[in-house]
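*Asks:* Below: one structure in structure tokens.
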């Protein structure tokens, strides 16, 4: 599903962001990407959704070779992914329903089926009753649920979540995390970048720990250990 | 309504002032083109009227039998350049002179002998009212044995030709310059719209919208603004035409519907080209 093979990533002015990173995330798996800020978590996610290209090595996502992906093919790759960010990235002038429907409209979905699909995912994230609410009328946790609904509406095979609970209080964090677990339980692979160790401890999922651009621990291949570093 | 059309129209609601500003600037740019066009249309009409008066007159030798002239008249009418050929007898020429030259009425009345020669007045078809064709027809008329002299407004024909060329050249240069300005203005407004919607565009890309799809509402928006600007320009030109007509007390001509449609279409094309040249460049920055 997602395979990194000896991946290097250098930014023109920012030095080496990834050093010889290799891992494989299988279909339906849940994996945490942990590490300090600047450890390379977001760079890995950006390589997965082809916002960045590797400087060396190979990144394969759902059969696409990211290094060789022509710009025209990037939308095809992204339609197989759902992406969620810490800052939600909702459109303030659209309701929850419109924000979710937007993802279908801009990818050329048939208008006839959009409303039903949107309601289905809003129900899945527990926000059917607030479909007509604008982002400013929703709490942080609810806004993140709308963002998750938008990520899910195209039925992705992988959900990428970059610090999805970073802006949420403890209660909202638990709710959003449980939602991600439910999504994973229904067969969607989830890759979640976080530095919230409490969250990581709550579930027996795979942990890939990054430090200064390198994978320093991968629970799928390394010996189990007590505490992943933050 | 499709997403693309809805998004293009939403731009007017999201940024009404910016949209009004861009339409107004385009309208004024095209208005200047329209004013020039109006001058060109009227100049062209005036030239056509003057050109219609261009005729070649072949004066006939005295004593030529009328039958000879009427037979030759058919040959002259058969020239491809000739629209009509009319025989004017000595008496008709005198009658005309008496009617037109009022100040010489007494002199003309007291004449014992008619001094005016008979003539053949030849009018040319519009396509042949130019220097070389007029010369060619005059040369052929001179070949008739009964023709004494051939006269035509050579200077007029040459001047008309030159005026026409200058009008066309100035029209092209001014039109192109203002079209260029309008393209730049549209480009700038689209740039602002792209930057204003940067967040939305970034989200569209994240969820897998193609660049062509993202570009479409902007292109449509540019074309709509250009079309509206063109329509406003036609309206302003019409207003100017009414004011000038009233002020000059002189009947001028306005654009016919196809010409007005060309201005609106021109605005649409300018709007489309302006947004097309801008949107690709600025989308890359988001």
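*Asks:* Residue A:73 passes all but one of (1) within 14 Å of chain B (Cβ to nearest Cβ); (2) in contact with a strand residue (DSSP E or B) (Cβ under 9 Å, 6 or more places away or on another chain); (3) touching a residue at least 12 places away in the same chain (Cβ under 8 Å); (4) surrounded by fewer than 16 Cβ atoms within 10 Å (Cβ to Cβ); which number fails?
*Replies:* Going through (1) within 14 Å of chain B (Cβ to nearest Cβ); (2) in contact with a strand residue (DSSP E or B) (Cβ under 9 Å, 6 or more places away or on another chain); (3) touching a residue at least 12 places away in the same chain (Cβ under 8 Å); (4) surrounded by fewer than 16 Cβ atoms within 10 Å (Cβ to Cβ) one by one, residue A:73 breaks only (3).
*Asks:* Would you confirm, using the coordinates I've provided, whether residue B:169 is at pLDDT 75 or above, under 23 Å from residue B:44 (Cβ atoms), surrounded by fewer than 16 Cβ atoms within 10 Å (Cβ to Cβ) and assigned by TED's automatic domain parsing to the domain that holds residue B:65?
*Replies:* Against the criterion (at pLDDT 75 or above, under 23 Å from residue B:44 (Cβ atoms), surrounded by fewer than 16 Cβ atoms within 10 Å (Cβ to Cβ) and assigned by TED's automatic domain parsing to the domain that holds residue B:65), residue B:169 does not qualify.
*Asks:* Filter the range A:50-70 for residues that are within 14 Å of chain B (Cβ to nearest Cβ) and under 16 Å from residue A:27 (Cα atoms) and give the result.
*Replies:* A:61, A:62, A:64
*Asks:* Restricting the search to the range B:118-146, which residues are over 38 Å from the mean Cα position of the chain (by Cα) and crowded, with 18+ Cβ neighbours inside 10 Å?
*Replies:* B:118, B:144
*Asks:* Check residue A:42 against each of (1) touching a strand residue (DSSP E or B) at 6+ places or on another chain (Cβ under 8 Å); (2) part of a helix (DSSP H, G or I); (3) closer than 28 Å to residue A:136 by Cα; (4) within 13 Å of chain B (Cβ to nearest Cβ) and name the one condition it does not meet.
*Replies:* (4)
*Asks:* Additional query: Give the residue that is surrounded by the fewest Cβ atoms within 10 Å (Cβ to Cβ), with candidates limited to residues of the range A:110-127 that are within 14 Å of chain B (Cβ to nearest Cβ) and under 22 Å from the mean Cα position of the chain (by Cα).
*Replies:* Ranking the qualifying residues of the range A:110-127, first place goes to A:117.
*Asks:* Shifting gears a bit: More than 8 Å from chain B (Cβ to nearest Cβ), modelled with pLDDT under 95 and over 30 Å from residue A:5 (Cβ atoms): does that describe residue A:93?
*Replies:* Numbers: more than 8 Å from chain B (Cβ to nearest Cβ): no; modelled with pLDDT under 95: yes; over 30 Å from residue A:5 (Cβ atoms): yes.
Taking the combined requirement at face value, the residue does not satisfy it.
*Asks:* Would you please name the residue that is surrounded by the most Cβ atoms within 10 Å (Cβ to Cβ), looking only at residues in the range A:164-176 that are under 24 Å from residue A:98 (Cα atoms) and under 14 Å from the mean Cα position of the chain (by Cα)?
*Replies:* Per the stated criteria, the residue is A:164.
*Asks:* Within the bounds of the range B:213-227, is there any residue that is within 22 Å of the chain's Cα centre (by Cα), modelled with pLDDT of 85 or more, away from chain A (no Cβ under 14 Å) and not in a loop (DSSP other than H, G, I, E, B)?
*Replies:* Yes, some residue in the range B:213-227 is within 22 Å of the chain's Cα centre (by Cα), modelled with pLDDT of 85 or more, away from chain A (no Cβ under 14 Å) and not in a loop (DSSP other than H, G, I, E, B).
The values are calculated or read from the model by the stated rules, or taken from the named source; none is laboratory data. Values in this document were obtained by computation on a predicted structure and should not be read as measured data. Ideal geometry is used to build each Cβ from the backbone, glycine not excepted, and the neighbour counts take in all protein chains shown.
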